[in-house]
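Derivation of every value follows stated rules applied to the coordinates shown; laboratory data play no part. Computed from a prediction, not measured in an experiment: that's the story for all the values here. With ideal geometry, Cβ positions are generated from the backbone for all residues, glycine too; neighbour counts draw on all protein chains shown.
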Amino acid sequence: MKRYYKYFDIFKFTCCMLVPISHLLSNETVEFSAWLINLRSMNLPMFVTISSLLFWSRFKWNDKKKSKEQLRHYMGRLVMRIIAWSIVLLPFWLHRFIEHYPNNWFVYIVPKLMLIGGCRGGYFIMSLIYGNTIIYLLHRYLGKIIPFILIFILHTYYNLASQGIIDDYLGLCIKIGFLSSDYLCIRFLFYMEACVWLIPWLAGKLQKANAEWGLWMSLAAFIAICAVPSDLVSYIATSCFVVLLCAFMFNLQVKQLPSWSVTMRNMSKCIFFIHFVVIDYGERALKYFADIKLVDYGPFIEYVVVMSITVPLAYLIASPLSRRIKLIKEWLL
């Protein structure tokens, strides 16, 4: 029987609603900005973990032929998704890329497409493609525990080095032009790896607890810990609580999802991409035609205006998807 998880769509939607904060709020303009920065650090890891958990929880490791077919189908959908969105957003991202590299853009365009996708935000999909492929190969040839240990060590080293707590001896925290290790799958690899066995195992251990109470108490604890002004605390809290929250949600299964939950799921994907266009080009159009700069009104007003445009557009796309328009559902989103 197919299993559904009632909180996955809610958390994915909430995370996507908070993602634009990363692009609109800055340390100089927002009170308690350190708390906001630590809190928003969970957005993309949570989104990546939920997306990967839904895939790995149904993966047939014992059937080599079936598992390869599952991986091929999943990667095919992700590739079609990044191609579709890159084409849709082509007028927005290509000319900006050429502006940044006017003399040699054609040299950089292939690495950009191959590593982080074309459109803004494409790195999220590319991280899923590369990260889950790496995890499959590691587990297929190295077993269950060794890949987890290796990826955990890499995850810890990368976070400590990127925050300047230790020296980057391996040179993982690179930044060359548009290429940054922040956009590669290294950033999310641990969360994808945790979906293979750690989160399902932890969910089994938590079955006797009240999963719903545990979920909300864990979330409250994470929000409180985010008030501690420390990059190291933020890294530890995010890693631990994303795994713990997903383990609780993994226990909260239902037989059938309501239609609003399916719509919310599709809206999450749309909001993630559409807000880039609204921020970059909607504000530019406002300034050009009405001589209005939203940034002058403060980040909160800017966020409200951006989301008041983004959310209705996302709903217009997501609503027919929830009614199962097969072609768009399977190939576009």
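Just name one of Val243, Ala161, Tyr108: the one whose Cα is farthest towards the positive end of the charge dipole of the chain (beta-carbon charges, Lys/Arg +1, Asp/Glu -1).
Ranked along the dipole, the leading option is Val243.
What net charge is computed for the residues neighbouring Phe152, neighbours being all others with C-beta under 14 Å from the C-beta of Phe152, Lys and Arg scored +1, Asp and Glu -1?
Within the 14 Å Cβ shell, the charges total 0.
Based on DSSP loop calls and a cut-off of at most 13 other Cβ atoms within 10 Å, the longest stretch of the chain free of exposed GluC sites (Glu not before Pro) is what?
32-333
Out of Ala290, Ile129, Ile225, whose Cα points farthest toward the positive end of the dipole of the chain (charges: +1 Lys, Arg; -1 Asp, Glu; placed on Cβ)?
Going by the charge dipole, the pick is Ile129.
Evaluate the distance, in nm, between pseudo-label points positioned 7 Å from the Cα of Ser319 and of Lys65 along their respective Cα→Cβ axes.
For Ser319 paired with Lys65, the spin-label model returns 4.6 nm.
Grab the Cα-Cα distance for Glu212 and Phe106, subtract it from 0.36 nm times how many residues apart they are, and report the gain in nm with one decimal. Please report the intermediate quantities before stating the final value.
Working: separation 106, 0.36 × 106 = 38.16 nm, distance 5.18 nm.
Residue separation times 0.36 nm, minus the Cα-Cα distance, leaves 33.0 nm.
Can you pull the one-decimal nm distance between simple spin-label points at Val233 and Asp291, each 7 Å off the Cα toward Cβ?
4.8
Apply 1/(1 + (r/R0)^6) to the Cβ-Cβ distance of Lys205 and Tyr141, taking R0 = 25 Å, and write down the FRET efficiency to the nearest 0.05.
Approximately 0.35, to the nearest 0.05.
What distance in nm separates the simple spin-label points at Phe92 and Tyr281, each placed 7 Å from Cα in the Cβ direction?
Each label point lies 7 Å from its Cα, and together they span 0.6 nm.
Quick one: Debye curve from the alpha-carbon atoms of the stretch 61-194 only, equal weights, vacuum; give me log10 I(q)/I(0) at q = 0.13 Å⁻¹ to two decimals.
-0.67
With charges set only on the Cβ (+1 for Lys and Arg, -1 for Asp and Glu), what does the dipole of the chain come to about its Cα centre, in debye to the nearest 20?
Working: 33 positive and 18 negative charges, 415 e Å.
Rounded to the nearest 20 debye, it is 2000 debye.
If the viscosity is 0.890 mPa s and the temperature 25 °C, what Stokes-Einstein diffusion coefficient in µm²/s follows for the chain when Rh is the Kirkwood radius over Cα pairs?
Translational D for this selection: 115 µm²/s.
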